[in-house]
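A.B. asks: Take a look at the following structure, please.
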Amino acid sequence: MGDEMEQRIPPKENTSMPVIVVQDGNKGELDSSSKVNDVVEPPSAGMIFNCIDELYEYYKTYGNQEGFPVFKKSTKNDKQGRLHFVTLSCGRGGKSRCKREKLVNPSLTMKIECNAKLNARVYDDGVVRVTSVFLEHNHELSPTRARYLPRRRSVGTSMKKRREKIGEAGGTVAKTLASSAVECGGHESEPSLEKVCQNYIDNIDKTRKLCLGVGDAGAVCNYFNRMQEQNSNFYYSLDFNEDGHIRNVFWADEMSRAAYKSFSDAVTFDTTYLTNKYDLPFVTFVGINHHGQPMLFGCGLVSGEDTETFVWLFMQWLACMSGNAPKAVITDQDVAIHKAIEIVFPEARHRWCLWQIMKKIHGKLSCHSNNEQVTATLMQAVYDSMSKGEFDFNWGQMIQKYSLQSNAWLSTLYDNRHRWVPVHVKDSFWAGMSTTQRSENVHEFFEGHVNSKTTLKQFVERYDKALKTKVEKEVQEDLNSFNCYCPCVSHYNIEKQFQQAYTNNKFKEIQEEFKGKMFCYVHSMKEEDDFGVYEVIEDMVVENGLSNQKVCFTVYFKQAEFDVRCSCRLFEFQGILCRHIITLLTVKGVYLVPQKYILPRWRKDFRREHTKVKVSYNNWNSTPEMQRNDLISKRSAMFADFGCTSEENTQIALDFIEQFRQKFNIADPLNVNGQPIFSVSGSCQPYQ
């Protein structure tokens, strides 16, 4: 063992974590002072470590560099009970084993039987020698997402102490991480996630207030100018009153603008975040990404809630998004907003937030002698009606029974039922935005970043920190969908088809439909040539779970074009195949569905433009692709500078770009014209 001991790395009294690095061409040379972001040499047979902990730290560091999690797979003791052999493996090794009681609701798993591992022998004096190594993985590696691997999810002692000191001074979790990141060389090297730190500390003061103080207007303008200098695609607009004071503000960064290109099919305009608490309300344009998470498409600060103000704001947002208007918009029930949308987005489908309407019922009907009964009947008509005709009948019965013909508020609601009643809005795509939800997730973006003393200037500056949290959550879900999968609950290939294509969050929604299939059956069918009409019965729970009811849904199936639709309209509304369609397809022996039912919007294998954008709040996650994108974007600005000087130069620049586009067969983004990247339309229009 003498030759082996000559390869031993640092002495035991050195407490720094040993790392085998590549420096100055001397492979295998130990440098215990190196940072964890130095290049770590791949493991090889014959490597010697002072103890098992050194081996484990080394392999975890190597795994972090390459982008895979590390676990202790197995150990073996000798006859005296001392550790003799150890195996460290890729965290995706092994086979998923789902307990019988969890077959219907399986958990996410990383296990895909990856064979990458390291075997080592432990000698009597504690020295560890690597005996064999398997480097090949059966899955893709993700070095840029290593920060989110399980080994990084911890709050160390130094972080806890730092948090306590900063907390005493009134600091936030974000400030704690920023302080730690400076020492680590950036957020990417900082091992503790903000969510983990938040779970460690006590609840912080959530009282917040925006104050417009002296100098705030100039400070905000300077901030916007500085942001635009860093990224020319940062967009902002200021509206001043006659006295030169800021009246309205709008801004959106490049990532928001890029994300809108992928998710512009449905947008929520939210005015509730600060309306009741502050004199200068904060408004947001919000969409839904491929995980079903909210995404900010732009923000505004407005001094009033009149039509003129909203028209200005919508016009600025439309200009920011290159004139690409949303296909569907959700707002509060507000006359001023409604008029502004008709002016700026005349072609958009406009829907009211059902949550906002339903919370007003009790107050609007409080004077009625049968207030509780009317409220219960109204809610039943809204939520339990399965068709437009059924809703109209139930509403009419309620009006007649409780003598509500003269109630102006209810009359207005009924006249505008196409804007808020679930059965009336489900014929349009809303990207999974529930008819009952409130934009609570939007509020989470800014939670912990403003307090009772926050000025307008500070709020705008902290916008970046708040958006950083949002980006981290999206990257975390990207990693989960990249690294983990949710086991199927059935043996149908259609479920496996969606499992391979969709993000985990969206696949779980598909799984709920496969689970619901057990309560459905095909009751009758009428087929003629290649077109069929089928009645699918679902045993549903109604009246808050107090009883069951068999409900009939009609499924239309045109086999030649594989055009299938259901009267529940779940696919039209959320882009998710419903249990009734799945029930029919399995009966018909259909094993796979066409790609038009696997929406690109929910896919996990698409590289979307906003993930390539480098902005101020995601520098910690900057990838080579982002850096290349940033470089090319800056250099290509010369086309705009040259082309804007004259009509002739404009045409020269456009012709050059067109030649480049045709040579490399690049799709023309201007031809998209705001159309969704999928279609739920078809030749069958069997129901109204």
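The values are calculated or read from the model by the stated rules, or taken from the named source; none is laboratory data. If you're wondering where the values come from, they're calculated on a predicted model, not measured in any experiment. Here the Cβ positions follow ideal geometry from the backbone for every residue, glycine too, while neighbour counts run over all protein chains shown. In case anyone asks, the SASA skips ligands and DNA or RNA and just uses the protein heavy atoms, side chains included. Shrake-Rupley method; radii C 1.70, N 1.55, O 1.52, S 1.80 Å.
A.B. asks: Do you know which of the residues in segment 219-241 that are under 16 Å from Trp312 (Cα atoms) and of a type outside the set (Ser, Thr, Tyr) is most open to solvent (accessible area, probe 1.4 Å)?
C.D. replies: Phe240
A.B. asks: Checking the structure you have, find out if any residue of segment 292-310 is part of a loop (DSSP other than H, G, I, E, B) and over 24 Å from Asn241 (Cα atoms).
C.D. replies: yes
A.B. asks: Out of segment 645-663, which residues are without any contact (Cβ under 8 Å) to a residue 12 or more places away in the chain and either of a type in the set (D, E, K, R) or open to solvent by 100 Å² or more (accessible area, probe 1.4 Å) (or both)?
C.D. replies: Glu647, Glu648, Asp655, Glu658, Gln659, Phe660, Arg661, Gln662, Lys663
A.B. asks: Give the residues of segment 242-263 that are over 21 Å from the mean Cα position of the chain (by Cα) and surrounded by fewer than 19 Cβ atoms within 10 Å (Cβ to Cβ), sorted by residue number.
C.D. replies: Of everything in segment 242-263, those that are over 21 Å from the mean Cα position of the chain (by Cα) and surrounded by fewer than 19 Cβ atoms within 10 Å (Cβ to Cβ) turn out to be Glu242, Asp243, Gly244, His245, Arg247.
Condition check ((1) within 30 Å of Glu509 (Cα to Cα); (2) modelled with pLDDT of 85 or more) across all residues:
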residue: Asn105; (1), (2): yes, no
residue: Asp124; (1), (2): no, no
residue: Val127; (1), (2): no, yes
residue: Glu140; (1), (2): yes, yes
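A.B. asks: If I ask for residues that are outside any loop (DSSP other than H, G, I, E, B), in contact (Cβ under 8 Å) with a residue 12 or more places away in the chain and either among the polar types (S, T, N, Q) or over 12 Å from Gln333 (Cβ atoms) (or both), which ones from segment 418-434 would you list?
C.D. replies: Listed by number, the residues that qualify are Pro422, Val423, His424, Val425.
A.B. asks: Within segment 595-609, restricting attention to residues that are at pLDDT 90 or above and farther than 13 Å from Gln500 by Cα, which residue is surrounded by the fewest Cβ atoms within 10 Å (Cβ to Cβ)?
C.D. replies: Among those residues, the one meeting the criterion is Lys596.
A.B. asks: Looking only at strands (runs of 3 or more DSSP E) that fall completely inside segment 505-594, which ones have 3 or more residues that are open to solvent by 40 Å² or more (accessible area, probe 1.4 Å) and of a type in the set (A, V, I, L, M, F, W, C)?
C.D. replies: In segment 505-594, 531-542 are the strands (runs of 3 or more DSSP E) which contain 3 or more residues that are open to solvent by 40 Å² or more (accessible area, probe 1.4 Å) and of a type in the set (A, V, I, L, M, F, W, C).
A.B. asks: In segment 463-504, what count of residues is obtained for those that are free of Cβ contacts under 8 Å to residues at least 40 places away in the same chain and part of a helix (DSSP H, G or I)?
C.D. replies: 5
A.B. asks: Taking Val122, is it buried (at least 19 other Cβ atoms within 10 Å of the Cβ), of a type in the set (A, V, I, L, M) and out of contact with any Leu (no Cβ under 6 Å at 6 or more places or on another chain)?
C.D. replies: no
Quick grid of which residues meet (1) at pLDDT 80 or above; (2) out of contact with any Pro (no Cβ under 6 Å at 6 or more places or on another chain); (3) of a type outside the set (S, T, N, Q):
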{"site": "Gln230", "(1), (2), (3)": "no, yes, no"}
{"site": "Asn233", "(1), (2), (3)": "yes, yes, no"}
{"site": "Leu238", "(1), (2), (3)": "yes, yes, yes"}
{"site": "Asp243", "(1), (2), (3)": "no, yes, yes"}
{"site": "Ile246", "(1), (2), (3)": "no, yes, yes"}
{"site": "Val267", "(1), (2), (3)": "yes, no, yes"}
{"site": "Tyr278", "(1), (2), (3)": "no, yes, yes"}
{"site": "Thr284", "(1), (2), (3)": "yes, yes, no"}
{"site": "Ile288", "(1), (2), (3)": "yes, yes, yes"}
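A.B. asks: To continue, here is another question. Cβ-Cβ distance below 6 Å, separation of 6 or more or different chains: which pairs start in segment 124-137 with a residue that is without any contact (Cβ under 8 Å) to a residue 40 or more places away in the chain and end on one that is of a type outside the set (A, V, I, L, M, F, W, C) and surrounded by 15 or more Cβ atoms within 10 Å (Cβ to Cβ)?
C.D. replies: The qualifying pairs are Phe134/Lys117.
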